[in-house]
């Protein structure tokens, strides 16, 4: 369920979104992500101010009028063509520690899955779900809910899109609309992240890391305080 369902409507053009997350999360991270996205031409809501009420914090931002892409019929109206951040070495250092050095007495070192640092990290949304895409009355597509955004390797966007695709159950129906929706969603994924085969190794590495961090959640790598 989208966190935006709990946003408060302040006026016809403004909403207040509750700031949630971990205790050490900086609410301005999402603000900076939206501003950076707008700078490069992505349609993201404009931030107005950070407000407090009854010991809760809210982000006051522009309200985007339209319907989210959870509704399958909206996919027919979209044009196919688009108009806390660890360093690359620390990021893969954290993953490689879990792959090769975590509990050596119990876990096999998966050296074949070790990752190399990217030359640089890029801004990724990490929650490109249909519920976070709004089509306005003029046919312009907007991206909302930048709470998970940050500078990471490009494959982080791919993993997020893979998970969100599974939530679109109507794409699995044996209908012409589902076939056409699959095609459009595939084009969108290709525009956003390119070909998925490039991420086979990171995907396998993340599967191993996810299982080990869940099983040995109290373990800390030398890179944990840098993530």
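The values are calculated or read from the model by the stated rules, or taken from the named source; none is laboratory data. Please read these numbers as outputs of a predicted model, since none were measured by experiment. All Cβ positions, even for glycine, are placed from backbone atoms using ideal geometry, and neighbour counts span all protein chains on display.
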Odd one out for residue 119, checked against (1) in contact with a helix residue (DSSP H, G or I) (Cβ under 8 Å, 6 or more places away or on another chain); (2) part of a helix (DSSP H, G or I) = (2)
Six or more apart or on different chains, Cβ under 9 Å: which pairs go from a residue in the stretch 181-194 that's assigned by TED's automatic domain parsing to the domain that holds residue 154 and surrounded by 13 or more Cβ atoms within 10 Å (Cβ to Cβ) to one that's at pLDDT 80 or above and in a helix (DSSP H, G or I)? Could you list them?
-> 189/158; 192/157; 192/158; 193/155; 193/157; 193/158; 193/199; 194/158
Find the residue count for the stretch 199-227, including only residues that are surrounded by fewer than 14 Cβ atoms within 10 Å (Cβ to Cβ), part of a helix (DSSP H, G or I) and either modelled with pLDDT under 85 or at positive phi (or both).
-> 4
Residue satisfying all of: in the stretch 1-34; part of a strand (DSSP E or B) and surrounded by 11 or more Cβ atoms within 10 Å (Cβ to Cβ); modelled with the highest pLDDT among these | 14
Kindly indicate whether residue 146 is in contact with a strand residue (DSSP E or B) (Cβ under 6 Å, 6 or more places away or on another chain) and either crowded, with 17+ Cβ neighbours inside 10 Å or in a loop (DSSP other than H, G, I, E, B) (or both).
-> no
If you check 171, 128, which single one turns out to be assigned to a loop (DSSP other than H, G, I, E, B), at pLDDT below 85, surrounded by 17 or more Cβ atoms within 10 Å (Cβ to Cβ) and not assigned by TED's automatic domain parsing to the domain that holds residue 45?
-> 128
Considering only the stretch 35-54, state which residues are over 18 Å from residue 16 (Cβ atoms) and surrounded by 16 or more Cβ atoms within 10 Å (Cβ to Cβ).
-> 37, 42, 43
